[in-house]
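Undergrad: Here it is, the structure in full.
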């Protein structure tokens, strides 16, 4: 049994060389394409993109070069990784494709498909965020644990999950590439869905770049503050909230009304709530 490798090791973590398996090349074989079913945990939702037809033409000319990763089922095989190549092979009307067989648990189906897509930079931000959310829920893990497994910063996971709090209209814009990740990050910082939608409409109407959007939001923030400069006390509480954010690994707000106020600690899954409760206890 070979060891699962870290994300940073590259695609060799998914499909090692044949001599890395017991039995060597016996694990590689040409499988009838109709015997393979798609991965139900596939994080990617859109396959027929601009580069897909180029992949189809390449498959027609050269075939599938990198084997698909599959798991054995009662009736055939189920894809773990390589669904885009499998779909291209179908479009190219190939009869067989090269595969590597590997046993996998349901969470490994999601894990390996996600890792492959991240390496190839195939995932849209919303697809990636949904995959993170599902991974955390299905594996009953935390954002910290997921970040370590993927070799990413904890803040990266948190920022991706924040996208799922955006209104469905804006999530669709991201999926269909009308808005970029930079636009989405800026919109996620706004407090209400109505405000997010209003600014979204402005971005689309004026074709605003991320820099232009950030400048617009800065001016809007200054106008809302009636032009008052940040006081020393304001700066102190903002810095305090940032320190709490770094310590707890999640978004923290300090809200003040006169001498009273509240501290708001955000969580994005049951697993993260458990982690925060354990940390605070």
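Taken together, the values in this text are just the output of simple stated rules run on the coordinates, not laboratory data. Because the structure is a prediction, the values reported are computed rather than measured. Positions of Cβ are generated from backbone atoms using ideal geometry, with glycine treated the same way; all protein chains shown enter the neighbour counts.
Undergrad: In what sequence, highest mean first, do 239-247, 68-76, 94-102 appear when ranked by Cβ atoms within 10 angstrom?
TA: Per-residue Cβ counts within 10 Å, averaged per peptide and sorted highest first, yield 94-102, 68-76, 239-247.
Undergrad: May I ask you to derive the relative contact order of the range 166-228, considering only C-alpha pairs under 8 Å and at least 6 residues apart, and to give it as an integer percent?
TA: Details: 32 pairs, mean separation 18.4, N = 63.
It rounds to 29 percent for the range 166-228.
Undergrad: Hey, another quick one. Roughly how many nanometres apart are two label points built 7 Å out from the Cα toward the Cβ at residue 260 and residue 246?
TA: With each label placed 7 Å out from Cα toward Cβ, I get 3.2 nm.
Undergrad: Please work out the FRET efficiency for the pair residue 198 and residue 281, using the Cβ-Cβ distance as r and a Förster radius of 41 Å; give the result to the nearest 0.05.
TA: 0.50
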